[in-house]
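For reference, the structure is listed below as structure tokens.
The values are calculated or read from the model by the stated rules, or taken from the named source; none is laboratory data. Computed from a predicted structure; not experimentally measured. Neighbour counts are summed over all protein chains in view; Cβ atoms, including those assigned to glycine, are modelled from backbone coordinates with ideal geometry.
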């Protein structure tokens, strides 16, 4: 193989690898604790603490979240598929349907369901910082009581 052809092949291979690596979603796996002071719970009372364990094995993401607040402690186990297929999760007596996908480095989860009080929907965006030490979750919630925007900042433990 001529020398210039080898160099061209090497450059093309490196370019392909950099595109492939850039397209890979970030790994959100780990134990995360909310920094309550840096978070914004809108009209909701701030919880005492939130801890989330994320297990990511593409295309599956499992989140176990424990909230501690005025109403005591609540734990939810949630599963999502990042290939856009629908999953069902139970929040107390309510079953919600979710679809998740990657938008660059952000995990986007769209959730819909019905309660006795009416329909609810939520759009969550989970973004990992460049250094991998912080996740910012932004939730746009719409329900019978109106709309809310919440922001939770998590730090890796």
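From the list 43, 47, which one is outside any strand (DSSP E or B), buried (at least 17 other Cβ atoms within 10 Å of the Cβ) and touching a strand residue (DSSP E or B) at 6+ places or on another chain (Cβ under 8 Å)? Give the derivation first.
On the way: 43 fails: buried (at least 17 other Cβ atoms within 10 Å of the Cβ).
None of the others qualify; the one that does is 47.
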Next item on the list: Only residues that are touching a strand residue (DSSP E or B) at 6+ places or on another chain (Cβ under 7 Å), in contact (Cβ under 8 Å) with a residue 24 or more places away in the chain and assigned to a strand (DSSP E or B): list them for the range 52-84, please.
Entry: 52, 54, 55, 61, 80
Notebook entry, point to check: Residue check: is residue 20 loosely packed, with under 13 Cβ neighbours inside 10 Å and modelled with pLDDT under 95?
Noted result: yes
Margin query: Tell me whether the range 121-130 contains one or more residues that are out of contact with any helix residue (DSSP H, G or I) (no Cβ under 8 Å at 6 or more places or on another chain), surrounded by fewer than 16 Cβ atoms within 10 Å (Cβ to Cβ) and in contact (Cβ under 8 Å) with a residue 24 or more places away in the chain.
Written below: no
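For the range 143-156, what are the residues that are farther than 17 Å from residue 48 by Cα, touching a strand residue (DSSP E or B) at 6+ places or on another chain (Cβ under 6 Å) and surrounded by fewer than 15 Cβ atoms within 10 Å (Cβ to Cβ)?
From the range 143-156, those farther than 17 Å from residue 48 by Cα are 143-149, 156; that's our starting set.
If we keep only those that are touching a strand residue (DSSP E or B) at 6+ places or on another chain (Cβ under 6 Å) as well, we get 143-144, 148-149, 156.
Across the range 143-156, the qualifying residues are 144, 149.
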